[in-house]
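The values are calculated or read from the model by the stated rules, or taken from the named source; none is laboratory data. Predicted model only: the values in this text are computed from it and were never measured. Neighbour counts run over all protein chains shown; Cβ positions are idealised from the backbone, glycine included.
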Amino acid sequence: MTRRTDHGTGATGTADPTGTAAAIECTDLAYRFGETRAVDGVDFTVEPGEVFGLLGPNGAGKTTAIRAITTLLPVPAGMIRVFGHDVARERMPVRRLLGYVPQQLSADGSLTGRENVGLFAKVYDVPRRERRPRVDEALAAVGLTDAADRLVSTYSGGMVRRLELAQALVSAPRLLILDEPTIGLDPIARTSVWARLTDVRRATGMTVLVTTHYMDEADQYCDRVALMHLGRIRALGTPAQLKEELRELRRHTGAAASGTATLEDVFRHHAGSGLDDDHAGGGFRDVRSTRRTASRLG
Ligand SMILES: Nc1ncnc2c1ncn2[C@@H]1O[C@H](COP(=O)(O)OP(=O)(O)O)[C@@H](O)[C@H]1O
Ligand SMILES: [Mg+2]
């Protein structure tokens, strides 16, 4: 999208008058469901303009972390700040800065693409007279102009994901949060979702936090990644850094496979198991919810 909103004033209030605050700052972020420590004390900072990836297998705690950041789960004050705003104390200011694409389907199949995006424009308080152009712009940004007036039930899985991206973009968020945006999509649709995301980010400079369990995507599209396993961050850095560290380590230990390293190798090194191993975490609940999303998009 080419339109820029003056994000420096208005809804952002006074928490970050100089605009130097981190986009997201998590300090000992923790959340439990009963006895399950879904997120078990993680620290990370996302800089403005960054594409930051939260990676890990099903059950790692990615969605829980994201729901806490988006104000959807209650956390104590001081744990999470979004552009300087405390998530616990300033829910509405934080929400106004966010666009969120949940893992579950958020588009309505019985409406057209345009109607779906229009609905989000309304919910997110886009001024009435700006709605039309903003909806058009969001649809164009994700390449759905031609399909805008078709029912979403006729869309492919990749088109639905791009529509959801448009829904989240219509409020011109400073921070876009996407939970498994490419889950269940074929490789071509996955590439197309990332291409649109990359274009929008380039045009607007928005910050992006994305979760995925596809390590190859993270490697290609994220500026920095945090590898999560069983509620904790096991490694954090640029994909290049993490891979180089592992190569270096292998050189020192004289390991056989010292030539190349992938992010998947880095994950295996830090988590002690591969993403798809049985003991990588994630029980039936996680698999079931993943499948549900995937089959809805299929
Ligand atoms: N609503 C819930 N009730 C109980 N346990 C949950 C709930 N949501 C997530 N969990 C558990 O918390 C852990 C982390 O889940 P989640 O954050 O969804 O991981 P991810 O998004 O990385 O797959 C898992 O063990 C999961 O079963
Ligand atoms: Mg999840």
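For region 181-219, what are the residues that are in contact with a helix residue (DSSP H, G or I) (Cβ under 7 Å, 6 or more places away or on another chain), within 16 Å of ligand 1 (Cβ to nearest atom) and not in a strand (DSSP E or B)? Across region 181-219, the qualifying residues are Pro181, Thr182, Ile183, Gly184, Met215, Glu217, Ala218.
Here Gly34 meets each of (1) over 28 Å from Arg196 (Cβ atoms); (2) touching a Ser or Thr at 6+ places or on another chain (Cβ under 8 Å); (3) within 11 Å of ligand 1 (Cβ to nearest atom) with one exception, condition (2).
Note down all Cβ pairs under 6 Å where the first residue falls in region 232-247 and is without any contact (Cβ under 8 Å) to a residue 24 or more places away in the chain and among the aliphatic types (A, V, I, L, M), the second is crowded, with 20+ Cβ neighbours inside 10 Å and in a helix (DSSP H, G or I), and they're at least six residues apart or on different chains. Here the result reads Leu246/Val266, each pair linking region 232-247 to a residue that is crowded, with 20+ Cβ neighbours inside 10 Å and in a helix (DSSP H, G or I).
Yes/no matrix, rows are residues, columns are (1) more than 11 Å from ligand 1 (Cβ to nearest atom); (2) closer than 24 Å to Glu217 by Cβ; (3) not small (Gly, Ala, Ser):
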{"residue": "Thr63", "(1), (2), (3)": "no, yes, yes"}
{"residue": "Gly78", "(1), (2), (3)": "yes, no, no"}
{"residue": "Phe83", "(1), (2), (3)": "yes, no, yes"}
{"residue": "Arg96", "(1), (2), (3)": "yes, no, yes"}
{"residue": "Tyr100", "(1), (2), (3)": "yes, yes, yes"}
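Just one residue in the set Ala38, Ala30, Ala22, Ala68 is surrounded by 22 or more Cβ atoms within 10 Å (Cβ to Cβ), at pLDDT 95 or above and under 25 Å from Ala218 (Cα atoms); that residue is Ala68. Within region 41-59, take every residue that is of a type in the set (Gly, Ala, Ser) and closer than 29 Å to Arg202 by Cα and give me the one that is surrounded by the fewest Cβ atoms within 10 Å (Cβ to Cβ). Within region 41-59, the match that is surrounded by the fewest Cβ atoms within 10 Å (Cβ to Cβ) is Gly49. For region 224-239, residues that are within 16 Å of ligand 2 (Cβ to nearest atom), in contact with a strand residue (DSSP E or B) (Cβ under 9 Å, 6 or more places away or on another chain), farther than 18 Å from Pro48 by Cβ and in a strand (DSSP E or B) total 4. Considered as a group, the residues in region 165-200 that are within 16 Å of ligand 2 (Cβ to nearest atom) and either among the polar types (S, T, N, Q) or on the phi < 0 side of the Ramachandran plot (or both) include one that is farthest from the chain's Cα centre (by Cα), and that residue is Leu185. Taking the listed residues Thr182, Thr145, the one that is farther than 29 Å from Ala60 by Cβ and of a type outside the set (Asp, Glu) is Thr145, with no other qualifying.
If you scan region 141-164, which residues turn out to be assigned to a helix (DSSP H, G or I) and more than 21 Å from the chain's Cα centre (by Cα)? Answer for region 141-164, where residues must be assigned to a helix (DSSP H, G or I) and more than 21 Å from the chain's Cα centre (by Cα): Val152, Ser153, Thr154. Scoring Val87 on the criteria (1) at pLDDT below 95; (2) more than 14 Å from the chain's Cα centre (by Cα); (3) buried (at least 21 other Cβ atoms within 10 Å of the Cβ) leaves a single failure, condition (1).
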